[in-house]
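Scroll down for the structure; my scribbles are underneath it.
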Amino acid sequence: MAAGIEKSAGDKNERDESAANDGARGFFGKIGARKARSRGDASEPAAHLDTREALLLVRNYEESNRGWFWSTDANGRLTYITDAVARLMGRTGGALLGTSFTDLFLPVDSHGERQRTLPFLMTRQSKFDELPLRSAFEGDDRWWAVSGSPHFDGGGRFTGYRGSGADITAQRRSAEDASRLALYDSLTGLANRFHISKKLDTTLAAFAQQQRSCAIMLLDLDRFKQVNDTLGHPAGDALLKQVAERLLKIVGDKEMVSRLGGDEFQIILPDVEDRGKLGDMAADIIASLSQPYSVEGSRCIIGASVGVAIAPFDGLTSDDLVRNADLALYAAKGNGRGRFAFYSSDLHQAAEDRRKLEEDLRDALARGEMELRYQPVVNAQSNMVTGVEALVRWTHPDRGVISPSVFIPIAEEANLIWPLGEWVLRKACEEAARWPGELRVAVNVSPIQFANADLPKVVASALAAAGLPPDRLELEITESVFLADSNETARMFKALKGLGVRLALDDFGTGYSSLGYLQSAPFDKIKIDQSFVRGATQKGSRNAAIIAAIVALAEALDMETTAEGIESHDQLDLIRKLAVSHVQGYIYSQPVSSDELLGHAEAGSWIIKPSGPARQRNDRFQMFRKVGAVHGNHRYNVVIRNLSATGAFIEGILDVPKGTQFVIDFGEGQLATATVRRSMKHQQGVEFEQSLVSDGNGGLCTRHRVSPYLIAAASQQAQANLALPAFTTANDWQAA
């Protein structure tokens, strides 16, 4: 039996060796046979010799890590894989035998096309060459170029695959890096102009089919050039990286934020058309980007302006949408920067008007179209006028009075602010010198004027020419002057205080505040911005606490305080309670002419009794705007005389009963349901069902608009019925 066992064992060894030789011959034997035939030598020993040499060459190739081999059975399960590659996959060759070959790899992309392609090819018994596949094993982030050929036995039956593979990880990563450079900004990591343009194209094309909305925002950084010029381009690059981080924190989706180049950015916001939400986001972005930055040990402060356009309301193609968002951005920057603006068709005309205004502004001083008005600054407790603020007014020969909020930004952008500012300074000093008593005059100094080294000379010249004592001139300076070089800023403050004039910190707390400024700059007064005053009396507001903190800080530094924009008695009562020393606002007086001021001053002490509404009201905008008022099947042409967020005063319909509902059509898909609350013959006061929202540009707009798709559908329905549907509310339009 032992002999039989030995014999059986010997037979088994022979069979194993024979199988190994057959396997070798099956995988590589053709190489030796081919060589033998080429020499005309068909002897078996020669074939075996060539096969062994081939095996040694293959093993040497495998061990060099330049490539590997694999084979499967007819069911696609591994029968051979190079052991070195198996170890790279976290396994051994033996452990992987019997594993489905397709399980070794992940899909090439998130949609899984390649994962389906490999099984498909092997199921079809098709040949494939250098198919890029990614390792499926955890911790192995490798890419392989895999080739395979189906094999058949003598009877034509499929027996499996044999193939090879090569590591293409380095090439793949290099290609991905090149692709990333082509699609992403190398500095910030955000999508670049090419990538975001393609994304916007595909998004709008898909959304047009689905009748969905998509908003875009264009951002431009304010005063970024100043950082580049003063601190250098490396500092500018570091700042742009921080800007990108802040944008991503607000927007969230990295693929939707791009840097177009320079200091321009673009954001795509799919399925967002609520202008209230968009306005809030734009305000958040502006506030975030306006906070101080630390760059290479230096403190930098910039700002941002935002233009918003929404498809399909403001354009259906990417070109139209970007062009209109850019127009809105231009409007935002033109109205003082640090603002946002929504696109409207009026902006095309506004841009042309602005260009003409700039031309006219260049000659306005020479033609005597400028004058000064003076708004009283009143002691909060005694109601006595202690000074005035000089405000420049422009009366255009054709357009009438033009607001400073319109022409001052134009003057700054057109390099006209220096001659205009010098004229205001000299004129204010000249007129103040004629006033009896000790009334002070305050003059605003723009950051552009403050940065000019000649400012102290101009101030001294204006005081001397008018004969005005220096302590009666107060220069109001905004916190943005601290963006310049700190040494130059300190020298300017020293020079101005050396003249004996007073200095006031204007618009305190609006984005650039730092206690360090108050410690180093010799201010005599802090002016509390009206944005804090406006909401201070509203329930839940923290503005009163902020004002109290500012007052306490000013008292500790021996400074006066002035609250701006006081219009109602509840605001005045709060300001007095918080111990603000001075008040400025319509509750006391609107700006007056120099002659009117002179009349009050000559009469002795000028005391003004406060007069205004009992409580703060929403901002009301005086206007003459033609709109539509829809009731039932009728549309009436009416005129809005004033407008607030919650209602409007209209005229044009006679004897409308209280409680009547209208849909006010502001144009461009803006519909607001309104109820008549007051009715006086041809005039009505209406209350909106849903409050209007800020358009970011000093005006108001509806939160939502009726989609052009719905308007087109309603129009088709009307044509089919030969009559317009009876829309009674804005919701009916939405439901159309």
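The values are calculated or read from the model by the stated rules, or taken from the named source; none is laboratory data. Since this is a predicted model, take the numbers as computed values, not measurements. Using ideal geometry, Cβ is built from the backbone for each residue, glycine included, and neighbour counts are taken over all protein chains shown. Heavy atoms of the whole protein, side chains included, go into the accessibility calculation; ligands, DNA and RNA do not. Shrake-Rupley method; radii C 1.70, N 1.55, O 1.52, S 1.80 Å.
Per residue, the stretch 229-362 exposes an accessible area of 42 Å² to a 1.4 Å probe, with every protein chain left in place.
Accessible surface computed residue by residue for the stretch 384-462, with neighbouring protein chains in place and a 1.4 Å probe, gives 41 Å² per residue.
Work out the FRET efficiency for Asp573 and Ala490 from their Cβ-Cβ distance, taking R0 = 56 Å, and round it to the nearest 0.05. According to the calculation, E is roughly 0.90. Using a probe radius of 1.4 angstrom, the carbon and sulfur fraction of the accessible surface of the stretch 535-597 is 48%.
In what sequence, highest mean first, do 493-504, 88-99 appear when ranked by Cβ atoms within 10 angstrom?
Top to bottom by mean Cβ count within 10 Å: 493-504, 88-99.
For the stretch 464-506, with all protein chains in place and a probe radius of 1.4 Å, 53% of the accessible heavy-atom surface sits on carbon or sulfur.
Of the peptides 548-557, 688-697, the order by per-residue mean of other Cβ atoms within 10 Å, starting with the highest, comes out as 688-697, 548-557. Kirkwood analysis of the stretch 357-483, using all unique Cα-Cα pairs, places the hydrodynamic radius at 15.5 Å.
Here the accessible area of the stretch 242-320 is 47 percent carbon and sulfur, with a 1.4 angstrom probe and all protein chains present. Entry comment: accessible area of the stretch 586-705 is 53 Å² per residue, from protein heavy atoms only and a probe of 1.4 Å.
Projecting label points 7 angstrom from Cα along Cα→Cβ for Arg246 and Asp471 puts them 4.2 nm apart. Within the set Lys494/Lys527; Lys198/Lys249; Lys225/Lys497; Lys249/Lys527, which residue pairs have Cα atoms separated by over 26 Å? Among Lys494/Lys527; Lys198/Lys249; Lys225/Lys497; Lys249/Lys527, the Cα-Cα distance tops 26 Å for Lys225/Lys497; Lys249/Lys527.
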